[in-house]
Amino acid sequence: MNSSNLPPAEWARAGLIDDITGGLTRELLARSGRHVGAHNTALWLAASEHLDPVLGTGPHAEHFVGHFLQPLNQGIVSYVYASGQNICENAISSNPQHSSLLDSQLGITTDAMIAVPVVTNGEICGVITCVHTRPAGSGEEPKEFRPADLEEFDFAAACIGRLLEAALHQQS
């Protein structure tokens, strides 16, 4: 099966994101998250009508990877995918573009988000995200990202794009 003909969200099921590619991608996400002081990261790959979180790190990953789909017409992650523009935003829950679907499912509030498009073969195939969260209704002080934190995820997105490209070329 030629994985390059499939929507990116199907690459994992087709074996493109194998133990090596998945392990390296997960490690890049985790290291970048630690570098900016956040533990929740994810790789979202595109399907026809949604973004599918195919890999994640942090305490919430097992509760949404494989259990959640982000509609392409809702939310900041979908905006980043459609526009190709990265974001680093604090007080994200007050942004009218923010989708609270995943927050509601997980019982959390997302305070800040970094989202960067992932490019393979010159096309956007998905988005990586890093978020600061807290339990919904918590009195905890919201955490924030700095503009310099975006550079870390720009680098990670470029590396992940190259990893996925290499895996695509190896399978074709």
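Can you tell me which residue in the range 62-93 is modelled with the highest pLDDT, limited to those that are within 11 Å of Ala112 (Cβ to Cβ) and out of contact with any helix residue (DSSP H, G or I) (no Cβ under 9 Å at 6 or more places or on another chain)?
Across the range 62-93, the extreme among qualifying residues is Asn90.
Are there any helices (runs of 4 or more DSSP H) wholly within the range 61-129 with 3 or more residues that are out of contact with any Lys or Arg (no Cβ under 9 Å at 6 or more places or on another chain), crowded, with 19+ Cβ neighbours inside 10 Å and in contact (Cβ under 8 Å) with a residue 40 or more places away in the chain, and if so which?
75-83
Looking only at the range 143-172, count how many residues are in a helix (DSSP H, G or I) and in contact with a His (Cβ under 6 Å, 6 or more places away or on another chain).
The total comes to 1.
Within the set of pairs 6+ apart or on separate chains, which have a first residue in the range 23-49 that is free of Cβ contacts under 8 Å to residues at least 12 places away in the same chain and surrounded by fewer than 16 Cβ atoms within 10 Å (Cβ to Cβ), a second that is outside any helix (DSSP H, G or I) and β-branched (Val, Ile, Thr), and C-beta atoms under 9 Å apart?
Close Cβ pairs (under 9 Å, with a partner that is outside any helix (DSSP H, G or I) and β-branched (Val, Ile, Thr)) amount to Glu27/Thr57.
The values are calculated or read from the model by the stated rules, or taken from the named source; none is laboratory data. Keep in mind it's a predicted model, so treat the numbers as computed, not measured. Please note: Cβ atoms are built from the backbone with ideal geometry, for glycine as well, and neighbour counts cover all protein chains shown.
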